[in-house]
Amino acid sequence: MSLPALLDQRLRLPVVAAPMFLVSTPPLVMACCNNGVVGSFPALNQRDSGGFKAWLEEIEAGLSADAAPYAVNLIVHGSNPRLQADLAICVQHKVPVVITSLGAAKEVVDAVHSYGGLVFHDVTTRRHAEKAAEAGVDGLIAVAAGAGGHAGTWSPFALIAEIRQFFDKTLLLAGCLNNGHEILAAQLLGADLAYLGSRFIATRESNADEAYKQMILGARAADIVHTPAVSGVPASFMRQSLELAGYDLKRLQDKGDINYGEKLKPMDEEAKAWKTVWSAGQGVGGISDVPTTSELIARLDTEYRRAQGQAGQLAQRWPR
């Protein structure tokens, strides 16, 4: 297991709350960090770099002295016109952890390393993981089959096993993780940290629309559709929201355009896809309530400790 000094002994649980578009905002980030897990948000959740900087200031002012570090997600893709400006702000504020997506760029890694920050990069295949490792990232987020957002199709067993053949730094696992025993299971597979997204959508501090939260409570794994039609990159969405947004479910393998500039339009002009098509992972069937973030993390803690005890009992039942 490999945790950098920035995270070691600073977490209540080995958990990162994933950055989610339009969902993760300062209240959720601060609630996560102040309860001992890494909270994160996408820089593009703010409509301009000035607003992004203001959010960083709000978060930094709202963290307790013993809070877990926070993280910012940067889209490293040519269609994101704000990358350089937002990266410069991250350097200015010495953002502890930068999560990069859709491109592992050495210049981004070097910029974050210049002040001692960490870079975690999300990957869905071995090839992507190898390229990110070559760029010098500090951690890899293995986004396995069943995850929400821009998810892969590989089994977590296969993805973790292949990455561990060449990568001995921090490894995170994403995909259908809702409970404490699943956090422990991720570690037993070879991950250092669990990366939870959908479970944190259904919390009080989440910025998700109330209808979004209720749709998660009513959805099951069979309702999750993995398609490139919405963002141009294969991602997981709830079938119900696709239907309500007018998508033809028979054409969901048609690839959409990758254009992160669309996300920067004012809310009243924003493309329908980004506002009304709601992402979630196959683990939605295990989500049945909308607690506060503090209540959720306390529950995860209890479940995690119980699972550790159960693992010890299994070891005694099957001695060498």
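Among the candidates ASP66, ASP48, single out the residue that is closer than 27 Å to GLN9 by Cα and acidic (Asp, Glu). Break it down stepwise before answering.
Values: ASP48 fails: closer than 27 Å to GLN9 by Cα.
Just one listed residue meets the conditions, ASP66.
Name the pairs whose Cβ atoms lie under 6 Å apart, with the first residue in segment 23-35 and farther than 21 Å from TYR212 by Cβ, the second assigned to a loop (DSSP other than H, G, I, E, B), and 6 or more positions between them or separate chains?
Filtered contacts from segment 23-35: CYS33/LEU63; CYS33/ALA67; CYS33/ALA68; ASN34/SER64; ASN34/ALA67.
Is it the case that ARG10 is within 29 Å of ARG204 (Cβ to Cβ), surrounded by fewer than 20 Cβ atoms within 10 Å (Cβ to Cβ) and modelled with pLDDT under 95? Talk me through it step by step, then tell me what you get.
Working: within 29 Å of ARG204 (Cβ to Cβ): yes; surrounded by fewer than 20 Cβ atoms within 10 Å (Cβ to Cβ): yes; modelled with pLDDT under 95: no.
Taking the combined requirement at face value, the residue does not satisfy it.
With the requirement that a residue be in contact with a Pro (Cβ under 6 Å, 6 or more places away or on another chain) and small (Gly, Ala, Ser), what does segment 92-116 give you?
Within segment 92-116, no residue meets the criteria.
Please find, among GLU182, GLU162, the residue that is assigned to a helix (DSSP H, G or I) and in contact with a Cys (Cβ under 9 Å, 6 or more places away or on another chain). Please lay out each step first, then the result.
On the way: GLU162 fails: in contact with a Cys (Cβ under 9 Å, 6 or more places away or on another chain).
The conditions single out GLU182.
Of the residues that sit in segment 110-146 and are of a type in the set (Val, Ile, Thr) and closer than 13 Å to PRO156 by Cα, which one is farthest from the chain's Cα centre (by Cα)?
Among those that are of a type in the set (Val, Ile, Thr) and closer than 13 Å to PRO156 by Cα, it is THR125.
Find the residue count for segment 1-48, including only residues that are in contact with a Lys or Arg (Cβ under 6 Å, 6 or more places away or on another chain) and either under 26 Å from PHE167 (Cα atoms) or outside any loop (DSSP other than H, G, I, E, B) (or both). Please lay out each step first, then the result.
Here is the first cut: in segment 1-48, the ones in contact with a Lys or Arg (Cβ under 6 Å, 6 or more places away or on another chain) are 2, 36, 44.
Applying the additional criterion that residues be either under 26 Å from PHE167 (Cα atoms) or outside any loop (DSSP other than H, G, I, E, B) (or both) yields 2, 44.
Number satisfying all stated conditions: 2.
Check whether at least one residue in segment 152-161 is at pLDDT 95 or above and either under 20 Å from LEU118 (Cβ atoms) or among the β-branched types (Val, Ile, Thr) (or both), and report yes or no.
yes
Restricting to segment 261-320, what's the tally of residues that are among the aromatic types (Phe, Trp, Tyr), surrounded by 13 or more Cβ atoms within 10 Å (Cβ to Cβ) and at pLDDT below 95?
Taking segment 261-320 first, the residues among the aromatic types (Phe, Trp, Tyr) are 274, 278, 304, 318.
Retained after the next criterion (residues that are surrounded by 13 or more Cβ atoms within 10 Å (Cβ to Cβ)): 274, 278, 304.
Subset that is at pLDDT below 95: 274.
So the answer is 1.
In this structure, is GLN240 without any contact (Cβ under 8 Å) to a residue 60 or more places away in the chain, within 21 Å of GLU295 (Cα to Cα) and outside any loop (DSSP other than H, G, I, E, B)? Even if it seems obvious, please write down each step before you answer.
Working: without any contact (Cβ under 8 Å) to a residue 60 or more places away in the chain: yes; within 21 Å of GLU295 (Cα to Cα): no; outside any loop (DSSP other than H, G, I, E, B): yes.
No: the conditions fail for GLN240.
Looking only at residues that are buried (at least 16 other Cβ atoms within 10 Å of the Cβ) and either assigned to a loop (DSSP other than H, G, I, E, B) or modelled with pLDDT under 95 (or both) in segment 165-179, which one is nearest to the chain's Cα centre (by Cα)?
If we filter segment 165-179 for residues that are buried (at least 16 other Cβ atoms within 10 Å of the Cβ), which is where we start, we get 167, 169-179.
With either assigned to a loop (DSSP other than H, G, I, E, B) or modelled with pLDDT under 95 (or both) added as a condition, the list becomes 167, 169, 175-179.
Numbers: PHE167: 20, LYS169: 18, GLY175: 10, CYS176: 12, LEU177: 11, ASN178: 13, ASN179: 16 Å.
Top of the filtered list is GLY175.
Go over the candidates SER49, SER79 one by one and state the one that is surrounded by fewer than 20 Cβ atoms within 10 Å (Cβ to Cβ), more than 26 Å from SER294 (Cβ to Cβ), polar (S, T, N, Q) and touching a Gly at 6+ places or on another chain (Cβ under 7 Å).
SER79
Any idea how many residues of segment 197-236 are under 19 Å from the mean Cα position of the chain (by Cα), part of a helix (DSSP H, G or I) and not β-branched (Val, Ile, Thr)? It would help to see each step written out before you state the result.
Residues of segment 197-236 that are under 19 Å from the mean Cα position of the chain (by Cα), as a first pass: 197-209, 212-213, 216, 221, 224-228, 230-236.
Filter once more, keeping what is part of a helix (DSSP H, G or I): 198-201, 212-213, 216, 221.
Checking the rest, the ones that are also not β-branched (Val, Ile, Thr) come to 198-200, 212-213, 221.
So the count comes out to 6.
Working only within segment 56-66, note down all residues that are touching a strand residue (DSSP E or B) at 6+ places or on another chain (Cβ under 9 Å) and surrounded by fewer than 19 Cβ atoms within 10 Å (Cβ to Cβ). Break it down into steps so the answer makes sense when it comes.
Going through segment 56-66, the residues touching a strand residue (DSSP E or B) at 6+ places or on another chain (Cβ under 9 Å) turn out to be 56, 59-60, 63.
The answer is GLU60, LEU63.
Residues checked against (1) touching a residue at least 24 places away in the same chain (Cβ under 8 Å); (2) in contact with a helix residue (DSSP H, G or I) (Cβ under 7 Å, 6 or more places away or on another chain); (3) under 25 Å from GLY232 (Cα atoms):
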{"site": "ILE89", "(1), (2), (3)": "yes, yes, no"}
{"site": "VAL98", "(1), (2), (3)": "yes, yes, yes"}
{"site": "VAL108", "(1), (2), (3)": "yes, yes, yes"}
{"site": "SER114", "(1), (2), (3)": "no, yes, no"}
{"site": "PHE120", "(1), (2), (3)": "yes, no, yes"}
{"site": "ARG126", "(1), (2), (3)": "yes, yes, yes"}
{"site": "ILE141", "(1), (2), (3)": "yes, no, yes"}
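Looking at segment 15-33, can you tell me whether even one residue there is surrounded by fewer than 23 Cβ atoms within 10 Å (Cβ to Cβ) and modelled with pLDDT under 95?
Yes, that holds for at least one residue.
Could you list, in sequence order, all residues of segment 85-144 that are surrounded by fewer than 20 Cβ atoms within 10 Å (Cβ to Cβ), modelled with pLDDT of 95 or more and either among the polar types (S, T, N, Q) or not in a helix (DSSP H, G or I) (or both)?
Passing the criteria: GLN92, LYS94, SER114, TYR115, GLY116, THR125, ALA135, GLY136.
Could you please let me know if LEU242 is hydrophobic (A, V, I, L, M, F, W, C) and at pLDDT 95 or above? Break it down into steps so the answer makes sense when it comes.
Values: hydrophobic (A, V, I, L, M, F, W, C): yes; at pLDDT 95 or above: no.
Against the criterion (hydrophobic (A, V, I, L, M, F, W, C) and at pLDDT 95 or above), LEU242 does not qualify.
The values are calculated or read from the model by the stated rules, or taken from the named source; none is laboratory data. Keep in mind the model is a prediction, meaning the values are calculated, not measured. Please note: Cβ atoms are built from the backbone with ideal geometry, for glycine as well, and neighbour counts cover all protein chains shown.
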